[in-house]
1. Could you give me the residue pairs with C-beta distances under 6 Å whose first residue belongs to the range 350-368 and is touching a residue at least 60 places away in the same chain (Cβ under 8 Å), whose second residue is outside any helix (DSSP H, G or I) and among the hydrophobic types (A, V, I, L, M, F, W, C) wherever it lies, and which are 6+ apart or on separate chains?
2. Do you know which residues across the range 113-122 are surrounded by fewer than 19 Cβ atoms within 10 Å (Cβ to Cβ) and either of a type in the set (Val, Ile, Thr) or on the phi < 0 side of the Ramachandran plot (or both)?
3. Is it the case that the range 381-395 has a residue that's open to solvent by 60 Å² or more (accessible area, probe 1.4 Å), under 26 Å from PRO505 (Cβ atoms) and either modelled with pLDDT under 95 or in a helix (DSSP H, G or I) (or both)?
4. Quick one: LYS431 ticks every box in (1) touching a Pro at 6+ places or on another chain (Cβ under 9 Å); (2) outside any helix (DSSP H, G or I); (3) among the basic types (Lys, Arg) bar one, so which box is it?
5. Could we say that LEU342 is within 16 Å of the ligand (Cβ to nearest atom), crowded, with 18+ Cβ neighbours inside 10 Å and hydrophobic (A, V, I, L, M, F, W, C) here?
6. Which residues, taken from the range 237-256, are open to solvent by 10 Å² or more (accessible area, probe 1.4 Å), out of contact with any helix residue (DSSP H, G or I) (no Cβ under 6 Å at 6 or more places or on another chain) and within 16 Å of the ligand (Cβ to nearest atom)?
7. Can you find a residue in the range 257-269 that is at pLDDT 95 or above, open to solvent by less than 10 Å² (accessible area, probe 1.4 Å), away from the ligand (no atom under 12 Å from the Cβ) and over 20 Å from the mean Cα position of the chain (by Cα)?
8. Among the candidates GLU448, GLU438, single out the residue that is at pLDDT 95 or above, open to solvent by 50 Å² or more (accessible area, probe 1.4 Å) and assigned to a helix (DSSP H, G or I).
Amino acid sequence: MSQKNFYITTPLYYVNAKPHIGHAYTNVLCDCFARHRRFWGEKTFFLTGTDEHGTKIEQAAKNQGMEPKAYVDSMVPQFKALWKKLEVRYDYFIRTTDADHKAVVCRVLSDLEAKGEIYKARYKGWYSIQDETFYTATQVREGFAEGVGGNLIEIEEENYFFKLSRYQSWLIEHIQRHPEFIQPEMRRNEILGFLKEPLEDLCITRPRSRLRWGIDFPSSPDHVTYVWFDALLNYISAVKYALDPDFFRAHWPADLHVIGKDIIRHHAVFWPIMLQACGIELPTTVLAHGWWTMAGAKMSKSKGNIVDPALLSDKYGVDAFRYFLLHEVTLGMDGAYSEDLLRERYTKDLANDLGNLWHRFASMLEKYFDSEIQAQADWTVPLLQQVRKLSAEVDRCLRVHDPRGALDLLWKAITAGNQYVEETKPWVLAKDPKRREELAKVLSNLAEAIAHVAVLLDFFMPQTASRICERMGLLGAGQVATAVTYGEPWIRSGQKVLRGEPLFPKLDDEVPRA
Ligand code: MSP
């Protein structure tokens with residue numbers, strides 16, 4: 001049997017406004033994890049897409065004076081364009097308005113009805129359009145966590161319900177038996193705490209009289225499917241559940257659902273129960289990251305305090321933006337965004353550490369050897385011994401979802417590279433014709449160190465990685481240079497190296513803030 005894909009997903013973004021930094025963060029994280037897996041030769045399936053049904057979208061379309069379908073069609077290209085700009089290399093982009101997706105939703109609903117998992121009842125409760133979520137009377141009484149809720153409307157109507165409650169003890173047991181299922185640990189504890197209270201059944205329809213924009217509920221012409229029930233099923237419809245069994249088997253179960261902490265209940269309570277009720281295997285891990293905040297508040301479309309990822313990338317470069325996102329927070333924690341911080345990291349880490357290392361190496365090679373590598377590297381020097389271990393160490397970090405830790409390791413090697421220049425003093429060696437061989441060796445050692453760091457940098461900063469690799473004559477990062485050949489000589493004697501423009505030009509003090 002062929003190897004199962006490493007299947008990684010982002011949430012599907014509501015298309016009622018253009019993408020912001022929170023969305024960019026998740027997609028860059030997933031891209032980093034996917035690039036890492038590909039480097040190790042794993043078949044990878046990286047899914048992202050858009051959530052296009054529900055009241056929120058219907059209202060946004062109305063505000064624009066457009067039909068919902070025309071409206072969502074007009075918004076989707078903005079998401080695709082941003083992912084392209086940010087070098088987010090996904091394998092498939094799903095839209096919940098896709099015909100295949102709708103077919104799977106109908107199929108699942110019919111199956112669950114046939115199994116007696118769905119019933120009809122009168123519903124009385126509170127609904128938040130902002131979150132597209134029902135809240136129980138208890139939740140309303142207790143108030144909401146920051147950023148959750150918005151304006152609530154009281155609703156009383158006849159709807160269809162999915163029997164969540166009957167799976168409560170099964171779910172608790174699953175979570176307890178599988179510590180990897182909800183990560184990080186604090187979110188696992190949060191869900192286990194939530195499950196101490198009785199679970200209410202999930203209302204999975206809206207009356208058509210109030211919402212037209214959704215997937216038809218198969219057994220009632222008067223109802224439309226609840227947007228979350230529809231959206232969660234994307235994770236199986238994208239891999240052709242019930243449509244192509246071989247394809248489905250080659251992908252499902254998902255290895256990693258990456259989400260933000262505010263949608264953990266949907267993914268760690270509703271979703272596993274929906275799957276269990278359908279008799280489908282559960283995903284391995286739901287990983288929740290924190291929020292990007294500005295002046296202490298969650299950045300969100302509704303608060304209007306968002307920063308535009310495209311604008312920041314244009315101003316500082318895609319890689320500087322990606323580096324900032326991946327380095328600035330420990331995954332799972334909130335991160336305070338500020339442009340000053342981004343500028344500081346740009347100058348210190350990118351321009352002064354990495355940019356400088358490249359510049360010194362390439363300029364010296366140009367000056368002393370007409371830009372041509374003259375020797376084979378010596379892998380016994382401490383710098384290269386450190387670099388040789390890097391791919392395994394970075395791998396360990398990324399498999400436990402710690403991109404920041406991985407970047408710290410890469411930066412230790414970059415710092416060691418700069419120290420190596422200080423210690424070996426090539427400009428002194430260059431003055432002595434008898435030490436020419438030694439000088440050639442030093443520059444070859446540096447070349448290998450930089451090439452090996454660059455190839456791993458591809459997970460985080462793909463443009464810089466390719467730029468360095470191209471300048472050194474290595475084909476695309478992650479192509480010739482893979483985990484299998486890591487630590488072997490990649491730079492041959494006789495290789496020409498192009499110094500090129502500075503990797504991270506000095507920032508202009510006058511640049512206005514984005
Ligand atoms: N459509 C649903 C998800 C359905 S998944 C089957 C949804 N969409 S959303 O557009 O509102 O949010 C998508 C993701 O963006 C969520 O994971 C949310 O946590 C994340 N973020 C929104 N604002 C954020 C920040 N300020 N910071 C980090 N991520 C945040 O929910």
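1. Close Cβ pairs satisfying both conditions: LEU350/PHE504; ALA351/PHE504; GLY355/LEU503; GLY355/PHE504; TRP358/LEU503; ALA362/VAL497; LEU365/VAL497; TYR368/ALA430.
2. The answer is GLU113, ALA114, LYS115, TYR119, LYS120, ALA121, ARG122.
3. The answer is no; no qualifying residue exists.
4. Evaluating LYS431 over (1) touching a Pro at 6+ places or on another chain (Cβ under 9 Å); (2) outside any helix (DSSP H, G or I); (3) among the basic types (Lys, Arg) leaves (1) as the failure.
5. Answer is yes for this residue.
6. TRP252, PRO253
7. Yes, the range 257-269 contains at least one residue that is at pLDDT 95 or above, open to solvent by less than 10 Å² (accessible area, probe 1.4 Å), away from the ligand (no atom under 12 Å from the Cβ) and over 20 Å from the mean Cα position of the chain (by Cα).
8. The match here is GLU438.
The values are calculated or read from the model by the stated rules, or taken from the named source; none is laboratory data. This structure is a prediction, so every number in the text was calculated from the model and none was measured. Here the Cβ is made from the backbone with ideal geometry for all residues, glycine too, and neighbour counts use every protein chain on show. Accessible surface areas use protein heavy atoms only, side chains included; no ligands, DNA or RNA. Shrake-Rupley method; radii C 1.70, N 1.55, O 1.52, S 1.80 Å.
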